[in-house]
Amino acid sequence: MSREYINEFKKLSRFATMKQSIKIMLVNAFLKMKYRKKIKENNVFRNRYKGDTCFVIGNGPSLTIDDLNKIEDLQFVSFASNKIFKVFNDTHWRPDYYAVCDPVVFLRNKHEFKNLTFEKFIPLDLFLSNNLDSNDWHVFIRQYQVYPDRFRAFQPDLTKFLGEGWTVTYFLLQIAVFMGFKRICLLGCDFNYSYGIGIDGKFFNDSTVNNYFIKEDTTPATTPNLQYNYLAYKEARRFADANDIKIYNATRGGKLEVFERIDVDKIFLERQNMLNNNNK
């Protein structure tokens with residue numbers, strides 16, 4: 001067994017028994033070997049945008065059509081996920097890259113994905129369980145790793161594994177880093193739901209909170225676990241700080257304070273000035 005998998009074995013989850021952890025390790029090793037050709041195709045994305053700026057779009061209620069249109073008009077590369085396609089009738093913006101990882105979200109919207117013409121990513125396990133066309137999707141292996149006080153699973157290499165952070169945004173951040181972005185701006189990541197598991201590990205319920213920018217979407221597909229998400233984002237921040245990468249939270253409001261805040265209008269103005277200078 002290679003050193004890579006021995007090292008993964010050492011990173012056992014406190015939420016898994018020794019037997020379960022060994023099984024996960026071996027299954028991932030098998031999948032990586034069996035589908036290595038498909039997974040290695042992801043090398044085309046490595047450092048594709050080295051040193052550039054991108055947006056990772058969340059589906060929170062703070063997301064606006066105006067901001068999406070500006071991202072398109074100012075020629076930013078953007079990543080999006082889940083049911084973002086429900087906003088397409090109201091905007092000329094389209095993401096460059098898309099991901100879905102929640103089986104419930106996938107099954108409820110399976111008929112929509114064939115209409116999405118941009119680059120799409122999906123975990124290999126979800127790809128295989130739904131017999132998807134390999135020409136339509138890029139796949140990656142997700143590594144389930146949860147730790148008592150921190151995540152050690154931010155693994156931005158699409159040719160190996162991506163760490164599971166219990167939110168598709170965590171996968172998108174890793175993909176963005178793999179593509180070489182040095183400034184990654186979160187937008188519409190409110191980190192606030194009407195119910196779920198809080199950062200303190202306790203269940204909460206607040207019916208006054210809107211979950212998504214889509215008004216008719218009132219209930220998350222699975223119960224949000226902000227504790228897991230928070231730990232994952234802390235690990236993303238740790239990795240970014242150690243590797244000269246800036247992850248900013250450009251969300252208008254919201255409750256995500258792991259990343260340094262930045263005014264999205266400032267980013268737009270900066271980009272507009274750059275484009276104006278290039279056109280002189």
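Each value in this text was obtained by applying a stated rule to the coordinates, not by laboratory testing. All of these numbers come straight from a predicted model, not from anything done at the bench. Don't worry about glycine lacking a Cβ; one is built from the backbone with ideal geometry, like all the others, and counts go over all protein chains shown.
Quick rundown of the values:
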| read-out | value |
| --- | --- |
| Placed amide H near Met179: partners under 5 Å, 5+ positions off or other chain | Asn47 |
| q = 0.09, 0.12, 0.14 Å⁻¹: log10 I(q)/I(0) that the Debye formula gives for the chain, counting C-alpha atoms only | -0.42, -0.76, -1.06 |
| Label-point separation in nm, Asp241 to Asn130, each point 7 Å along Cα→Cβ | 3.6 nm |
| Protection-proxy order for peptides 264-272, 33-41, 128-136, 188-196, each taking the mean of Cβ atoms within 10 Å per residue, highest first | 188-196, 264-272, 33-41, 128-136 |
| Over 19 Å (Cα to Cα) - which of Lys86/Lys120; Lys110/Lys255; Lys37/Lys160; Lys50/Lys246; Lys110/Lys160 fall in this group | Lys110/Lys255; Lys110/Lys160 |
| Cβ-Cβ FRET estimate between Leu26 and Arg252, R0 fixed at 30 Å, reported to 0.05 | 0.10 |
| Cα Rg, Dmax, region 79-224, angstrom units | 15.7, 43 |
| Fully extended contour minus Cα-Cα distance, from Val209 to Glu41, at 0.36 nm per residue | 56.3 nm |
